[in-house]
Amino acid sequence: MAVATLTIDLAALVENWRALDAKSASNVETAAVVKADGYGCDAGRVSAALSKAGAKTFFVAAAEEGIAVRKNTPNDTTIYVFSGGCMGDHDILKANNLVPLLNSPEQVQEYAAEDSPFGIQLDSGMNRLGLEPHEFNALRDQIIAAEPEILMSHLACADEPDHPMNTQQRSAFKAMTDGLTIPKSLAATGGTLLGPDYHFDLTRPGVGLYGGFPFTDAAPVVRVSIPVIQTRTVEVGEAVGYAAFWQAKRTSKVATIAAGYADGLIRQMGNHTNDHRVNLFAGDTPCPLIGRVSMDMITVDITDLDQTPTHLDILCDHQTVDDLANAAGTIGYEILTSLGGRYNRVYEGG
Ligand SMILES: *Cc1c(COP(=O)(O)O)cnc(C)c1O
């Protein structure tokens, strides 16, 4: 088969969820964020594996994303929607028993008056989603009387432990919520790693479950192996690929492999000349990516291998999503969610 194989290790995902769960006290619930189709890993399979392991609460970005989670988890699972009760979401939320995180006074007026469950998202300083402190204070009595399931907020800088925003946001969140007996949540992966001051009643890690920074101890979840579709010898001075970007300085053996930027292997990864930053691995042996990344192909210098490999690995134990992200000037989240639909997807350990 001339498409690359994307292997998703659901046992490693569960191991990461357990490891993050162990960072907080036993009375703190650990939920799971499965937005963007489970960070590209399949929200249905991810939520099924995590609920078998004991996760009872999930978060998605949009109401539509909650449907796959609802179908793959027990009926008593709680599924929150970060974008709240947007226009037109009412029927989807109701039909799938999804809980909106209300973000504006208008949404509070619409949803809190009803009998269905809701949570409240508070803005503690990120200025992206949630009620501002003055909006919350104005509606406080009405909100409390309607018994929200959760009060939550989100940290802007939690992957930088020393950033002053962390303590500022924690204080702002506490100022709004101290004394209330409603469950509270502030921490995603970064906040979970900041320690118990940030855990409140429920943590909601996302990227760490899938093996990404800032959970540097995570087990790798995603592997990508790409078939070799042609090899050739390139003489000194000959160029390889678009823009003739790479030129052979020695007689070289070049492998063309069947994945490219359309598979989320971002073109910028190949824009380095002298200090190539991405390798393809033949087992444990690194081979440099050379030339431009094309839409469907990548070229690799395999001169130093004894044998022509049938496939080369770009995501493996030797090279993580964050290594690829650094080479491409982006973050692991973007690598994971860009991987795309062309792969032969294999799920292990489910
Ligand atoms: C995406 C998101 C999370 C999960 O964040 P990670 O950094 O992936 O752990 C948690 N809360 C909110 C509001 C989010 O948008």
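The values are calculated or read from the model by the stated rules, or taken from the named source; none is laboratory data. A quick note: this is a predicted structure, and the numbers were derived from the prediction, not measured. Cβ placement follows ideal geometry from the backbone for every residue including glycine, while neighbour counts extend to all protein chains displayed. These accessible areas exclude ligands, DNA and RNA; they are computed on the full protein's heavy atoms, side chains included. Shrake-Rupley method; radii C 1.70, N 1.55, O 1.52, S 1.80 Å.
So if we plug the beta-carbon distance of GLN268 and ASP304 into 1/(1 + (r/R0)^6) with R0 = 22 Å, what FRET efficiency do we get, rounded to 0.05?
On the way: r = 25 Å, r/R0 = 1.15.
Once rounded, the FRET efficiency stands at 0.30.
Taking amide H positions as placed in the peptide plane 1.01 Å from N, state which residues far from VAL33 in sequence (5 or more) or on other chains have amide H under 5 Å from it.
Amide H neighbours of VAL33: PHE59, GLY206.
Kindly rank 342-348, 279-285, 202-208 from highest to lowest mean number of other beta carbons found within 10 Å of each residue. Walk me through the numbers before you get to the answer.
Details: 342-348: 14.6, 279-285: 17.9, 202-208: 24.0.
Averaged packing, sorted descending, gives the order 202-208, 279-285, 342-348.
Which percent of the accessible area of segment 222-348 is formed by carbon and sulfur heavy atoms (probe 1.4 angstrom)? Display every interim value, and only then the final one.
On the way: 2810 of 6150 Å².
Carbon and sulfur atoms account for 46 percent of the accessible area of segment 222-348.
Nearest 0.05, what FRET efficiency do ALA62 and THR167 give at R0 = 30 Å with Cβ-Cβ as r? Working shown, then result.
On the way: r = 31 Å, r/R0 = 1.04.
Computed FRET efficiency for ALA62 and THR167: 0.45.
Within segment 106-128, whose backbone N sits under 18 Å from a point 7 Å along Cα→Cβ of ASP201?
Of the residues in segment 106-128, 112, 116-123 have backbone N under 18 Å from the label point off ASP201.
Heavy-atom accessible area per residue, the chain, 1.4 Å probe: how many Å²? Present the calculation step by step, with values, prior to reporting the outcome.
Numbers: 15540 Å² over 350 residues.
Value returned for the chain: 44 Å² of accessible area per residue.
Which value at 222 nm does the chain reach when only helices count, each DSSP H run of 4 or more adding -39,500 (n - 2.57), with the total divided by all residues and rounded to the nearest 500 deg cm²/dmol? Don't skip to the end; give the middle numbers.
On the way: 11 runs with 95 residues, N = 350.
Roughly -7500 deg cm²/dmol at 222 nm, from the helical runs in the chain.
Order HIS90, HIS272, HIS199, most accessible first, counting only protein heavy atoms with a 1.4 angstrom probe. It would help to have the intermediate numbers written out before the result.
Numbers: HIS90 50, HIS272 30, HIS199 5 Å².
Most to least solvent-accessible, the answer reads HIS90, HIS272, HIS199.
Amide H to amide H under 5 Å from VAL228: which residues, 5+ apart in sequence or cross-chain, H placed 1.01 Å off N in plane?
HIS311, LEU312
Which percent of the accessible area of segment 97-177 is formed by carbon and sulfur heavy atoms (probe 1.4 angstrom)?
Working: 1780 of 3790 Å².
Percent of accessible area from carbon and sulfur atoms in segment 97-177: 47.
For GLU238 and ASN344 in the same chain, what is the full-extension length gain: residue separation times 0.36 nm, less their Cα-Cα distance, in nm?
Values: separation 106, 0.36 × 106 = 38.16 nm, distance 3.37 nm.
Gain on stretching GLU238 to ASN344: 34.8 nm.
Could you tell me what a quarter of the Cα convex hull surface of the chain works out to, in nm² with one decimal place? Can you show the working numbers first?
Details: hull surface 75.9 nm².
Seen from a random direction, the Cα hull of the chain projects 19.0 nm² on average.
Under 5 Å between amide hydrogens, which residues at least 5 positions from LEU315 or on another chain qualify, with H placed 1.01 Å from N in the peptide plane?
The answer is VAL224.
How many lysine pairs in the chain, separated by 8 or more positions in sequence or lying on different chains, have Cα atoms less than 24 Å apart?
17
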